[in-house]
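This report refers to the structure that appears directly beneath it.
What follows draws every value from the coordinates through simple rules; no lab data is involved. Just so it is clear, the structure is predicted and the values come from calculations on it, not from any experiment. Cβ coordinates were reconstructed from backbone atoms using ideal geometry, including for glycine residues, and neighbour counts include every protein chain displayed.
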Amino acid sequence: VYTYLTPTDLLNLARTNKENHRTLRSRRSILDWARARENIDGLPPCPPWRSEMEFAALISDDCCQV
């Protein structure tokens with residue numbers, strides 16, 4: 001199911017409760033995040049210094065984090 005979503009969708013799902021957050025933060029979900037990124041044309045790969053969830057927040061959130 002995750003592979004049909006966008007990174008923003010996965011991020012929102014991860015923010016709904018602790019269990020989803022734990023699941024989507026785990027190493028086993030890396031492929032889910034990568035496939036979700038493929039659902040957005042032209043989106044670059046996640047930088048190696050960021051987690052997939054951090055990258056999704058970077059491209060999705062309206063606020064700037066310093």
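Observations
- Selection count where residues are free of Cβ contacts under 8 Å to residues at least 24 places away in the same chain and either part of a helix (DSSP H, G or I) or within 9 Å of the chain's Cα centre (by Cα) (or both), scope region 13-47: 13
- Meets criteria (part of a helix (DSSP H, G or I) and of a type outside the set (S, T, N, Q)) for residue 10: yes
- Hits in region 51-66 (condition: exposed (fewer than 12 other Cβ atoms within 10 Å of the Cβ) and either not aliphatic (A, V, I, L, M) or not in a loop (DSSP other than H, G, I, E, B) (or both)): 61, 62, 63, 64, 65
- Here 44, 7, 48 are screened, and the one residue that is loosely packed, with under 10 Cβ neighbours inside 10 Å and in contact with a helix residue (DSSP H, G or I) (Cβ under 9 Å, 6 or more places away or on another chain) is 44.
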